Amino acid sequence: MPDAAHDIIPRDIRFGLVEQADFAWSDGDPLQTAIVDGFAVLLPAGERFFIRALQHYLDRIEDPAIRDGIRGYARQEAFHTREHEAYNAALRALGHDVDAMEAEAGAMLARVGTPFRRLLVTCAIEQLTYAFARFNLSRPGLYGASRPAYR
C-alpha cells in the first residue's frame, strides 16, 4: 500500500530550453548531446501514451491510495510532457526535423492494440527510461558540465 514516503508529488518545473537551445549542451559533446536528444524527442508521445494506458484502468481501481497514485503519476507525466514539448521546440529551433520523429513515435505507439498491452508497454518503456537516465546521470559530463537548463 502506498504511503507518504512513496507518494508521487507532481513538480511543476519549467526549464526554459527554447531560449537556450544548444547543439552540444552535454559537456560540449555533440555526440552525447545527440544521443540524449534522439531519445528525448520520443518522450511527449510516450508520456501521453502512459497517461492513457493507466487512466483506462482508473475506474476499476477500488483502493483510493492507488487511485491517488495514478492521478499523481498522470499529473507528473503531464508536466513532463509540457517540458519535453519545450525541449522538442528547442530542437526545432536548431533545425532538427522533430515533427517527423514525433509522428513516427506516435504511429508506433498507436499500433499497440489492447489496453493490457498498452499497460505492459508503459511499464517496459518506463523501465528503459529509468535505465537510460541512470546510466547517463552517472556520466560526469551529462550533469556536471552540462548547460544548467539541460541538467
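The values are calculated or read from the model by the stated rules, or taken from the named source; none is laboratory data. Here the structure is a predicted model, which means the values were calculated and not measured. Quick reminder, even Gly has a Cβ in these numbers, built from the backbone with ideal geometry, and neighbours come from all protein chains shown. The area values use the complete protein model at the heavy-atom level, side chains included, leaving out ligands, DNA and RNA. Shrake-Rupley method; radii C 1.70, N 1.55, O 1.52, S 1.80 Å.
Residues of the stretch 52-71 that are within 16 Å of T114 (Cα to Cα) and touching a residue at least 40 places away in the same chain (Cβ under 8 Å): R52, A53, L54, H56, Y57.
Among the criteria (1) surrounded by 11 or more Cβ atoms within 10 Å (Cβ to Cβ); (2) under 19 Å from A78 (Cβ atoms), the one P30 does not fulfil is (2).
Note on the stretch 1-13: residues that are exposed (fewer than 11 other Cβ atoms within 10 Å of the Cβ), modelled with pLDDT under 75 and not hydrophobic (A, V, I, L, M, F, W, C) total 2.
Where residues in the stretch 70-97 are in a helix (DSSP H, G or I) and among the small types (G, A, S), which of them is most open to solvent (accessible area, probe 1.4 Å)? Filtering first and then ranking leaves A93. Could you please let me know if A100 is in contact (Cβ under 8 Å) with a residue 40 or more places away in the chain, among the hydrophobic types (A, V, I, L, M, F, W, C) and exposed (fewer than 14 other Cβ atoms within 10 Å of the Cβ)? Taking the combined requirement at face value, the residue does not satisfy it.
Flag: A78 matches the condition of being of a type in the set (A, V, I, L, M) and over 19 Å from I35 (Cα atoms). In the stretch 103-137, of all residues being under 17 Å from F39 (Cα atoms) and of a type in the set (S, T, Y), the one that is least open to solvent (accessible area, probe 1.4 Å) corresponds to T122. Residue-level check: of (1) charged (D, E, K, R); (2) touching a residue at least 12 places away in the same chain (Cβ under 8 Å); (3) within 21 Å of T129 (Cβ to Cβ), R111 misses just (2).
Within the stretch 50-62, the set of residues being farther than 30 Å from L17 by Cα, open to solvent by 90 Å² or more (accessible area, probe 1.4 Å) and in a helix (DSSP H, G or I) comprises D59, R60. Restricting A24, A65, A105, A100 to those that are part of a helix (DSSP H, G or I), of a type in the set (A, V, I, L, M) and either touching a helix residue (DSSP H, G or I) at 6+ places or on another chain (Cβ under 9 Å) or under 21 Å from N136 (Cβ atoms) (or both) reduces the list to A105. Against the numbered list (1) among the hydrophobic types (A, V, I, L, M, F, W, C); (2) in contact (Cβ under 8 Å) with a residue 24 or more places away in the chain; (3) open to solvent by less than 30 Å² (accessible area, probe 1.4 Å), A24 comes up short only at (2).
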